[in-house]
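This report refers to the structure that appears directly beneath it.
All of the numbers you see were taken from the coordinates with simple rules; none came from a lab. Please read all numbers here as calculations on a predicted model, not as lab measurements. Neighbour counts run over all protein chains shown; Cβ positions are idealised from the backbone, glycine included.
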Amino acid sequence: MVVVLEKNIKEKQLENVIKHLEEFGFAVHKSTGVEQIVLGAIGVKPDFDIRRVKVLEGVAEVYRITEPFKLASRSFKKEDTRIKIGDVEIGGNAVAIMAGPCSVESEKQIFTIAEIVAKAGAKILRGGAYKPRTSPYSFQGLGENGLKLLRQAGDAFGLLVITEVMESSQIDLIEKYTDIFQVGARNMQNFSLLRDLGKASKPIMLKRGLSATIDDLLMSAEYILSNGNQNVMLCERGIRTFETYTRNTFDISAIPVVHKRSHLPVIADPSHATGLRDKVIPMARAAVAAGADGIMVEVHHDPDSALSDGPQALLPDQFEDLMKQVRAIAEVIGRSIV
């Protein structure tokens with residue numbers, strides 16, 4: 001249920017409305033918009049008479065949210081969510097670029113790549129210290145040492161850092177080093193992890209699961225939002241279909257669909273979506289044209305020697321070309337690259 005408050009509501013009236021909603025058995029979430037405050041009253045109460053809220057002083061309108069996801073819905077928050085991290089804003093007019101290797105392999109490797117992506121114009125360094133791999137015998141990451149190297153490389157070249165968290169026990173450690181938590185596709189429905197991340201202070205990028213619908217993705221975001229963390233962004237990284245030519249099928253249509261249904265920013269990951277280096281740039285162009293709020297790509301200066309996902313990593317000159325091309329696309333649609 002959404003409770004839209006009057007523009008000139010007094011603090012005592014606001015407190016009274018919240019108090020009544022809690023007494024009615026609802027969990028209350030406040031969203032302060034440009035002109036009005038909106039309260040999300042969360043709770044399964046199909047027979048609740050909304051007139052009991054409408055009569056309260058300071059209430060302008062009350063209506064039910066029909067979507068199963070409440071806090072992620074446009075019904076709850078009309079304005080786009082903008083996530084501010086340092087001097088980078090995700091979800092505004094600018095398109096954020098996240099780039100770096102699939103995994104942190106060594107000090108020399110991560111510093112080399114951080115310098116490359118920073119010079120080309122990226123603002124966020126990606127890299128995995130803990131890697132969820134299909135095979136237990138594949139490289140699993142450097143752990144805390146990888147986190148330290150990622151942070152040092154980011155700081156050295158003025159970059160924010162995003163890295164993946166795989167389980168709840170890693171949250172406190174990773175939070176010391178990262179600016180953004182990444183939840184991978186395999187953990188999209190790890191609900192205990194999502195609940196715990198809802199209590200974390202850093203923003204979260206939630207990747208769409210390999211076979212997840214858009215509603216599945218938004219319901220997973222709801223777990224984080226309902227536990228207190230409102231700085232959530234979604235990531236379209238391709239879904240598994242019958243097509244085998246690319247690693248996954250890149251669902252570009254999901255970007256405008258999610259934007260219509262939710263206020264949360266949408267990041268596109270063409271590297272994981274296609275799994276092929278020569279497909280990344282055209283898909284990045286398409287994602288920006290479709291309205292993505294950010295692009296995440298893999299970059300490696302020596303992909304043939306990469307310990308994970310070398311075939312989908314862009315070479316340095318290719319990443320420079322990507323930056324030039326997405327800037328041109330962004331300018332056409334009235335946006336910019338950050």
Å³ per residue of the Cα convex hull, for the stretch 83-337? 114
Need one number: % antiparallel among DSSP beta bridges in the chain, to the nearest 5. 40
Shape call for the stretch 89-176, from the Cα gyration tensor axes a ≥ b ≥ c (a/c under 1.5 means rounded, otherwise prolate when a/b beats b/c, else oblate), comes out prolate
How big is the charge dipole of the chain about its Cα centre, in debye rounded to the nearest 20, if each Lys and Arg gets +1 on its Cβ and each Asp and Glu gets -1 on its Cβ? 620
The whole-number value in µm²/s of the Stokes-Einstein translational diffusion coefficient for the stretch 65-110, with Rh from the Kirkwood sum over alpha carbon pairs at 4 °C and 1.567 mPa s, is 92
Among rounded, prolate and oblate, which fits the stretch 2-63 when a ≥ b ≥ c are the square roots of the eigenvalues of its C-alpha gyration tensor, a/c under 1.5 means rounded, and a/b larger than b/c means prolate? prolate
Contact order relative to length of the stretch 84-125, as percent, for alpha carbon pairs under 8 angstrom and 6 or more apart: 45
Taking 165-173, 272-280 and ranking on average Cβ neighbours within 10 Å, highest first, one gets 272-280, 165-173
Euclidean distance between Cα centres, the stretch 54-68 to the stretch 292-306, Å: 46
What is the extension gain from residue 36 to residue 195, computed as 0.36 nm multiplied by their sequence separation minus the C-alpha to C-alpha distance, in nm to one decimal? 54.4 nm
Rounded to the nearest 10 degrees, what's the angle between the helix 144-156 long axis and the longest principal axis of the chain, both from Cα atoms, 0 to 90? 90
Between the stretch 1-32 and the stretch 130-156, what's the alpha-carbon centroid distance in Å? 44
Mean Cβ count within 10 Å, highest first, over the residues of peptides 211-220, 237-246: 211-220, 237-246
Given a cut-off of under 8 Å on Cα pairs at least six residues apart, what relative contact order in percent is computed for the chain? 16
What is the helix-to-structure angle for 277-289, meaning the angle in degrees between its Cα long axis and the longest Cα principal axis of the chain, kept from 0 to 90 and rounded to the nearest 10? 30
Taking Cα atoms only, helix 107-120 is inclined relative to the longest principal axis of the chain by an angle, in degrees rounded to 10, of 70
Once every DSSP H run of n ≥ 4 in the chain is given -39500 (n - 2.57) and the sum is divided by its residues, what mean residue ellipticity at 222 nm do you get, rounded to the nearest 500 deg cm²/dmol? -10000 deg cm²/dmol
Counting Lys and Arg as +1 and Asp and Glu as -1, what is the net charge of the other residues whose Cβ lies under 9 Å from the Cβ of residue 187? 0
